[in-house]
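Comments concern the structure below.
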Amino acid sequence: LARTINTRSGAVQGRHASAADRPKVLILSNQAARPFINDDGVITSDLVRRAGGINAATELGVRQTMPVSTEHVVKADPDAILLVDVTGKGMGSYESILNNPAVKNLDAVKNDRVRLFPAAEVYGGGLGLLDGLDKVGSWLHP
């Protein structure tokens, strides 16, 4: 299993390692009753890095996963927004943030660079993460 993970992870990294564009990705999760901004310590941040992006929360100085505010999202001004569906409630969990006029005006939203991923692909463990890594890489670098 470890060999399979390393091989597939290396293949994805290899495809995107030379990408000149390393998009700034804001990672949000719906792990509670409201959206949370995810710090650099979550596994999703590692997937984003391996797929050729960077976690926008790092530039904001976010050191722990915490409730996200509209101000966080606007200040981050991400190139893309990755939404993690931990609870199974889908996009509805993020309406309070994404429907804010200031957030709607961000390039990531206007350019349709917002994507919802199931937690099993980007937040959990095991082989689902490998599929998630492939999908994140393809999304960030179409």
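The values are calculated or read from the model by the stated rules, or taken from the named source; none is laboratory data. Quick caveat: nothing in here was measured; it's all calculated off a predicted structure. Positions of Cβ are backbone-derived with ideal geometry, glycine not excepted, and every protein chain shown enters the neighbour counts. These accessible areas exclude ligands, DNA and RNA; they are computed on the full protein's heavy atoms, side chains included. Shrake-Rupley method; radii C 1.70, N 1.55, O 1.52, S 1.80 Å.
One table, with the values for the structure above:
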| quantity | calculated |
| --- | --- |
| Proximal aspartates and glutamates relative to Lys110, as straight alpha-carbon distance under 14 Å, when same-chain residues fewer than 8 apart are discounted | Asp77, Asp79 |
| Principal-axis tilt of helix 2-16 within the chain, Cα atoms, nearest 10 degrees | 60 degrees |
| Estimated 222 nm signal from helices in the chain, with DSSP H stretches of n ≥ 4 weighted -39500 (n - 2.57), rounded to 500 | -11500 deg cm²/dmol |
| Solution diffusion estimate, µm²/s, Stokes-Einstein, the chain, Kirkwood Rh from C-alpha pairs, 25 °C, viscosity 0.890 mPa s | 164 µm²/s |
| Accessible surface, 1.4 Å probe, highest first, among residues Tyr94, Tyr123 | Tyr123, Tyr94 |
| Chain lengthening between Thr87 and Thr58 when straightened (0.36 nm per residue, less Cα-Cα) | 8.0 nm |
| Extension gain from Met66 to Arg22, taking 0.36 nm per residue of separation minus the Cα-Cα distance | 13.4 nm |
| Under-5 Å amide H pairs with Leu116, H placed in peptide plane, nonlocal only | Leu83 |
| Amide hydrogen neighbours beyond the local backbone of Asn55, cut-off 5 Å, H modeled | Val25 |
| Amide H partners (placed H, <5 Å) of Thr65, local residues excluded | Asp39 |
| Karplus (6.51, -1.76, 1.60) ³J(HN,Hα), θ = phi - 60°, over the range 30-35, in Hz, Gly and Pro reported as x | 10, 6, 9, 6, 8, x |
| Contour minus Cα-Cα distance for Lys75 and Ala32 (0.36 nm per residue) | 13.2 nm |
| Angle between the chain longest axis and helix 128-140 axis [Cα atoms, degrees, rounded to 10] | 70 degrees |
| Computed magnitude of the charge dipole of the chain (debye, nearest 20; Cβ of K, R +1, Cβ of D, E -1) | 200 debye |
